[in-house]
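Everything on this sheet refers to the single structure shown next.
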Amino acid sequence: MTNIGSLLIDAGLSRERLEECRRIAGTTGETLDRVILQKAYLPENELLQVYASALGLEFREELEGIAVPATFVNSVPVHFARNYNLVALEEAEGGVVKVATCAPLEPHPMDDLGALVGCEIDPVLAPRLEITSLIGRAYRHKADGVDEALADVAEDGDIAGLAEEIEDAEDVLDVSNKAPIIKLVNTILFQALKLRASDVHFQAYPDRLQVRFRIDGILYDMDSIPRRVQEAIVSRVKIMGKMDIAERRLPQDGRATIKIGDGEVDVRISSIPTTGGERIVMRLLDKSSKRYSLREIGLSEQNEEILREYINYSHGIILVTGPTGSGKTTTLYASLSELDTTTKNVLTIEDPVEYSLAGISQVQVNNKKGLTFASGLRSFLRQDPDVMMVGEIRDQETGEVAIRAALTGHLVFSTVHTNDAASTITRMVDQGIEPYLVSSSLVLVIAQRLVRTICKDCRTTHPITEEWEAALKKIGIDPGAMSGIVHTGEGCDECFQSGYAGRTAIYEFMPVDETLRTLVMESATATELKRSAVERGLVTLREDGRQKVINGITTIEEVLRVTQLDV
C-alpha cells in the first residue's frame, strides 16, 4: 500500500493539518478520512480519489443511471444501507458484488453486508451524496412500512405515548422501540425524503386524514390514515415543532430538525384550524441534498456567459425574481459557489439558511430579536464585505440599504417576487425607492421558473401530427424546427405515471444598460421597459422554454403552465 500521508500532502493537505487530523483521530477513535472531511480540509471527491489510488480501489464520481440489483434491495434493510452509506452497483463475475461506499477505512459494515447478501464484496469509492440519492432511487418502490406502522397504532390512538420530550434532532430511520404514532410519522417523513418531496401535507377529511407529497412542484395523494388517529398525529407533529398542543383554534408555526442517517433535514411546520380539524404542512429542506453548479441549473450558453461576467463585478445589485418555489435560492447559491472565497469576504443573511456553503458566513434572520434583513445588511457593511446576499428585498428599508451597499462598492445578490424581469424594476420604484437610485445600482435582473423535465426511463418520440402542430404554434414554435418529432414521457413506475422526473429552470436575463437606465429615470412602465429590452435582444421566459422544448428537455404543456402570465 502506498503511503497515504504523502498522497494526502500531494493532494493539497498541509503537513501540520495532517498531523492535527491524526492526533484527533487517535484521541476520538474516528477514522482519518472522517476527521479530514469534518474539518473541511479537502473536498470529498479529492479525498476519495487519494484513498482509491492508495488502496487500489475504483473511484466513481457519479452513480447516475445505475440500476441497483434487486437481490440487494430485497436482502438489505433500507436503514442499514442508509446508516452506513452502502449500495450495490452491479453483480460482478463469480458471485462478487460491487458495492459503493464513502468510508474506505471502515471494514466492519462491509463484513456485515457480506453476511446479509451472502457473497463477497468488492468495494468501490463514491461521494456520499451520490450514494444516498442512489439508495433513495433503489428503495423508492419497496413497501415503506406505512401500512405496517398503521397496523401498530393502538386502537386508542396512543396519544399517551406522544407527549414525551423529543431529542434535538429526531432520526427518522430509527423506528425501533418507538411509540407507534412516532414510528408512523417518522415512516411518512422518511418516505417523503426518499421520493424527493419538498412538502408534506396532512389534510383532514370527514372520514380520513390524507397525506399528500409535493414532488417536482405537483401534489400527489399518498397514504390515507384513519380519522381516529388524526389528533395523535397532529399532536406528534406539534411536539416535533415545539408548538402548543393545547392550542387548536389559532394558526401556529414551528421548526424541527430531523436526521436521516448522518444527514440533517430542516423542517418548517405550519398548522391552521379548519372545519374538519387541524391541517398541517411541513416544508422539508434537505441540507445534504445536492448543491448545483452554474453548469447544472439549466442556463443556455449565452445566459451562463452573462451570469459569469456579472458575478465578478466589484459592485452593483443582481436580482433574481420569480414566484415562491421557482428555484431562486438555488440560482443564487450556484452563483455564490463560483466566487473565490479565499480572496473575497462573502456574507449572506437568509430566512432560513437553506444550505451551508463552504467559506461563506451565513446569518439567519431572527425577527423576534430584531435581526431583520435590513438590520443584518446594515451590520454587514461594518464587516468589510466584498459580496453580500440578502434573502429577499420585501420593503423600502431593505431596498435602500442594499442600494447604499451597491453604491459604496459592494456586490449585492437578492431576490424579489415579481412576474418578469421588467416588473422587478418598477416594483422597486413602487416600494418608494427613488428611480435614480434604482437605475444607478441595478446591474442585472434574472427572472426564472421551474419546468418539469421528461422522465429518462419512459421518454419517447411522436411524429408531428396536426394536433402537435397546433400545440407547437401555441407557444410560438415553427414545426419545421423540430426535425419532425416531439419528445414526451409515456409515464412509468419511476415517475408516478406522470412522464416527468426532476426539474430544470427557464430564464429571462435583463442586463440593465444605459437605455434602460434612461427609461427608469423617466419613470417608464414595466411594459415599456420590456419592449425596449426585447428590441435589443432580450430572450423572454417563454422563448427560453421554447428552446428547451426543441432540445427535448421539457414539454409544450410545462412551458405553457409556467409562463401564462409572462406573455
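The values are calculated or read from the model by the stated rules, or taken from the named source; none is laboratory data. These numbers were taken from a predicted model, which means no experiment stands behind them. Note that each Cβ is placed from the backbone with ideal geometry, even for glycine, and that neighbours are counted across all protein chains shown. In case anyone asks, the SASA skips ligands and DNA or RNA and just uses the protein heavy atoms, side chains included. Shrake-Rupley method; radii C 1.70, N 1.55, O 1.52, S 1.80 Å.
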*Quick one: how many Å² of Met510 are accessible to a 1.4 Å probe, rounded to 10?*
0
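Just flag the GluC sites (Glu not before Pro) in the stretch 266-354 sitting in loop per DSSP whose Cβ has no more than 16 other Cβ atoms within 10 Å. Could you put the intermediate results ahead of the total?
Numbers: sites: Glu278, Glu296, Glu301, Glu304, Glu305, Glu309, Glu338, Glu350, Glu354; in loops: Glu338, Glu354.
Those that pass, being in a loop and sparsely packed, are Glu338.
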*Output the antiparallel fraction of DSSP beta bridges having both residues in the stretch 11-142, as a percent to the nearest 5.*
35
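Report in % the part of the accessible area of the stretch 197-311 that belongs to carbon and sulfur, leaving out ligands and nucleic acids; probe 1.4 Å.
The value for the stretch 197-311 is 47 percent carbon and sulfur by accessible area.
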*For Arg255, what accessible area in Å² do you get when you roll a 1.4 Å probe over the heavy atoms of the protein chains, rounding to the nearest 10?*
110
_Mean separation of Cα contacts under 8 Å (6+ apart) over length of the stretch 400-514, as relative contact order %_ = 32
*Using a 1.4 angstrom probe and counting only protein chains, how large is the accessible area of Ile425 in Å², to 10?*
0
*Could you give the angle, 0 to 90 degrees to the nearest 10, between helix 230-240's Cα long axis and the longest principal axis of the Cα atoms of the chain?*
80
*Please list the equivalent ellipsoid semi-axes of the chain, computed as the square roots of five times the alpha-carbon gyration tensor eigenvalues, in descending order and whole angstrom.*
40, 31, 29
*Starting from the amide H of Ile66, placed 1.01 Å from N in the peptide plane, find each other amide H under 5 Å away whose residue is 5 or more places distant or on another chain.*
none
*Rg/Rh for the stretch 1-148, where both radii come from Cα atoms and Rh is the Kirkwood radius*: 1.01
*Kindly work out what percent of the DSSP beta bridges joining two residues of the stretch 288-425 are antiparallel, to the nearest 5.*
5
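Heavy atoms only, probe 1.4 angstrom, no DNA, RNA or ligands counted: give me Thr329, Thr504, Thr424 ranked by accessible area, highest first.
In descending accessible area the options line up as Thr329, Thr504, Thr424.
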*Mind ranking Tyr205, Tyr220 by accessible surface for me, highest first, 1.4 Å probe?*
Tyr205, Tyr220
*Percent of alpha carbon pairs in the stretch 26-69 separated by more than 18 Å?*
44
*Between Glu466 and Thr343, what is the spin-label point distance in nm, taking each point 7 Å from the Cα along the Cα→C-beta axis?*
6.3
*To the nearest 10 degrees, how steep is helix 526-535 against the longest Cα principal axis of the chain, on a 0 to 90 scale?*
90
*Rg and Dmax of the stretch 312-419, using alpha carbons, in Å: what are they?*
12.7, 36
*Using only Cα atoms, find the angle between the long axis of helix 15-28 and the longest principal axis of the chain, and express it within 0 to 90 degrees, rounded to the nearest 10.*
50
*Among the GluC sites (Glu not before Pro) in the stretch 12-76, which ones are in a DSSP loop with at most 16 other Cβ atoms within 10 Å of the Cβ? Mind listing them?*
Glu30, Glu61, Glu62, Glu64
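Of Leu294, Leu357, which has the most accessible area with a 1.4 Å probe, and how do the rest follow in descending order?
The residues order as Leu357, Leu294, largest area first.
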*Normalised by the residues of the stretch 1-95, what does the relative contact order come to in percent, with Cα pairs under 8 Å and at least six apart?*
24
*Looking at the chain, which Cys residues are left with no other cysteine's beta carbon under 4.7 Å from theirs?*
Cys21, Cys102, Cys119
*Taking 7 Å along the Cα-to-C-beta vector as the label spot, tell me the Ser75-Arg23 distance in nanometres, rounded to one decimal.*
4.6
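Per the helix-only calculation at 222 nm, which mean residue ellipticity applies to the chain, given -39500 (n - 2.57) for every DSSP H run of n ≥ 4 and division by its residues, nearest 500 deg cm²/dmol?
Theoretical 222 nm ellipticity from helices: -10500 deg cm²/dmol.
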*asked:* Once neighbouring chains are kept in place and the probe is 1.4 Å, which whole percent of the accessible area of the stretch 347-443 is contributed by carbon and sulfur?
replied: 44
_Relative contact order for the stretch 186-249, counting Cα pairs under 8 Å that sit 6 or more residues apart, in percent_ = 21
